[in-house]
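Structure first, then comments.
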Amino acid sequence: MKFRKALNGSNHGLKFQTLAIVTPFVVAVLLTTTSWSGSMPGSGRAEAANPGTRLILLGFDGMDFDLVSRYLDEGKLPNLARLRDRGIYSPLYSTMPPESPVAWSAFVTGTNPGKTGIFDFLRRNPDTYFPELNMTDIMEPATFVFDTIPTKPAVMRNARRGESFWSYASKENVATYGIMMPMNMPPDEAPGSWVTSGLGVPDARRTMGTYIYFVDDIDAAKERTGSDYDTEMGGRVIEVEKNGNEIVSFIPGPLDPLHPGSLDELRAPVFMTVNQSAKTVDFTIHNKTPFRFIIFFVGLIVALIVALILWPLFGRMKKSASRGFTVSLVIFIIALGILYGIARPTSSMETFTISEGKWSGWIPIKYLITDWVGMEGFFKLYLIETEPSFQLYVTPVNIDPRGTMVALSFPGDYMRKLLNKYGYFKTYGWDSETWAMNENVIDEETFMEDLLDNLDTKSNMVLDQMKQNEWRLFAAIYQATDHVSHMFWRTLDPDHPMYSEEIAEKYGDAILTVYQRADTLVGKVMDEVMDDDDELIVMSDHGFNSFRYSVNLNRWLTDNGYMTEKPNLLANLMGGELRGVPELFKRQQQFFEWVDWSKTKAYALGLGQIYINLEGREAKGIVSQNERDALIDEIIEGLKELRDPATGLPVLVGAYRGDAIYHGDNMEYAPDIV
């Protein structure tokens, strides 16, 4: 059994407590326009709300109850302390497992994973054994006439089942606003609500955040990231060649919808000029704009109406209906030419100068699918260095709903209006650069600068929306508290294998800094937004804990005879050992590439999910339904005996049957063992 050092230094897998701070009488989401009631724990009575009561809910992903308690005792979170003193402060239990998509889905719907259908970030496809992102399903691809003119956008479905609380509220005519609502892609249609999507929104490549890492020296990339291939946590290394100081490359976009099933991708050309003495780069992007059909169509209708009006007018002037028609037709044709000139596909070059060690501003990007349709997005750059090697970081490309057929809110124009009013802000759900920091592409300072800027931008937007609109229920969910904990919890744990006194001294207050930004937001909501009758809930979806080592469950399954690998014939011929089952996400290899499914009884995928290779369910299943229960119990008992070789302590808190802890109509992707 091999144990592997954790990369990001934190985990919420063993921390089931979540945070809840509530003003006195909030016990339920407001669902009627007249009154609502409930009883607080220990109060022994129900409290009726004023008909004008408004409810505000602020969710902070991964905000840990124990850590908040410590900071409260130290006087470092004064606004949360005010809220605690006037209301209820209590830990809550999270879901099993306590992962963000699982827990937020339960929160959004009020149901268990067996009804939401969300059991992990990933789900396995039983036909291929391949992992799929368990957030959004594409039911039907976009269609085009003659591979040119779009006739129908892609049909997407939210992987999360169940009705959201804002959908219930809208049915009761409760005006509802929601910012960054998790597991809401595509957004629920709830008339009377204004809700944007959060966790679950992909980037332009339809991933959870694929960044780009430009380098002109692959050895430098290997030294920095530990690999010369695409990085294992969602990045893409692109080696570029300098011609003098000039570089020509591209920003990869989504897979080409004209060729579903292929790996052809859309690309936007970029040109870079490196100035080593000034330590800057002039970054030029070549954007192409598709045919502006709406402009042309509206103009066409106007031109046609004008021509029809002018026809009889010129006919009377020329005393000839035919001559009037001819003159009107000429004018109409000229108008068509002008309209085409305005609406035709165009291209433009925009140049941005980036300094070493600095973030750029937002840069717009346009991918041309056909001359009639395209996709728009935006991203930032961070110039790591110009010498001795060229290294440039590109954030994942955010979807811009103003230039694409993808809706990121309901109503569809709500997110567009927010972008028009407040300028660019991150639209993809995993809105921090954790993957890049995890792979050592960017450092701690660069990560924190971006995270805090994003947090402040969205907090200011939320506050302004609260003040500018009429509502009875307002909810906003933030990811920053989770992401900073993933990256910096190691600074709070001297026993962590990646603990560094130098890093801890410099960044040991990183989590506190983000918690204090959350505390400031709570204070502004209490002081600037809330009326006397308003109620406020501050909550999290799970807690946090130290993540010192990871365990490869497929290795354990192999060692114990539940998974079998294909023989390594070359090694046998050379007298060597059989290869070990490769770890998931290992570079240059497909998932389970070396597994012999004809002899495999169980396999693991995701964060602690084990599946039986069941006959009739999995494509190459060998375990009969009669054997299933006994095999599950046998594996669970074996896992309970798994020990940390360094301490002798049990590795697992527990292992559970999926059908014992989940129930509902959406058990299709439920694991057999959690």
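The values are calculated or read from the model by the stated rules, or taken from the named source; none is laboratory data. Everything quoted here is computed from the prediction, not taken from an experiment. Quick reminder, even Gly has a Cβ in these numbers, built from the backbone with ideal geometry, and neighbours come from all protein chains shown. These accessible areas exclude ligands, DNA and RNA; they are computed on the full protein's heavy atoms, side chains included. Shrake-Rupley method; radii C 1.70, N 1.55, O 1.52, S 1.80 Å.
Of note:
- Count of residues meeting criterion [open to solvent by 50 Å² or more (accessible area, probe 1.4 Å), among the aliphatic types (A, V, I, L, M) and assigned to a helix (DSSP H, G or I)] in the range 633-670: 2
- Options E583, E577; residue that is modelled with pLDDT under 80, open to solvent by 40 Å² or more (accessible area, probe 1.4 Å) and in contact with a strand residue (DSSP E or B) (Cβ under 9 Å, 6 or more places away or on another chain): E583
- The set of residues in the range 467-494 being more than 30 Å from D66 (Cβ to Cβ) and either in contact (Cβ under 8 Å) with a residue 24 or more places away in the chain or open to solvent by less than 30 Å² (accessible area, probe 1.4 Å) (or both) consists of K467, N469, E470, W471, R472.
- Qualifying positions in the range 63-108 - part of a loop (DSSP other than H, G, I, E, B) and not hydroxyl-bearing (S, T, Y): M63, D64, E74, G75, K76, L77, G87, M96, P97, P98, E99
- In the condition set (1) aromatic (F, W, Y); (2) in a helix (DSSP H, G or I); (3) at pLDDT below 95; (4) more than 20 Å from T600 (Cβ to Cβ), Y499 is compliant with all but (2).
- Pairs linking a residue in the range 444-466 that is in contact (Cβ under 8 Å) with a residue 12 or more places away in the chain to a residue that is in a helix (DSSP H, G or I) and among the β-branched types (V, I, T), with Cβ atoms under 6 Å and 6 or more positions apart or on different chains, are M466/V529.
- All helices (runs of 4 or more DSSP H) inside the range 381-494 with 3 or more residues being within 20 Å of the chain's Cα centre (by Cα) and closer than 26 Å to Q516 by Cα: 434-438, 444-468, 480-488
- Qualifying residue in the range 90-111 (condition: over 30 Å from the mean Cα position of the chain (by Cα) and farther than 21 Å from A169 by Cα): no
- In the range 360-392, the residues that are of a type in the set (F, W, Y) and out of contact with any Ser or Thr (no Cβ under 8 Å at 6 or more places or on another chain): W362, Y367, F378, F390
- Scanning the range 436-450 for residues that are within 25 Å of T196 (Cβ to Cβ) and crowded, with 22+ Cβ neighbours inside 10 Å turns up A436, F447.
- Within the range 549-574, tally of residues that are assigned to a helix (DSSP H, G or I) and either at pLDDT below 85 or within 12 Å of Y603 (Cβ to Cβ) (or both): 11
- Residue match in the range 267-287 (condition: closer than 30 Å to K152 by Cβ, open to solvent by 30 Å² or more (accessible area, probe 1.4 Å) and in a loop (DSSP other than H, G, I, E, B)): no
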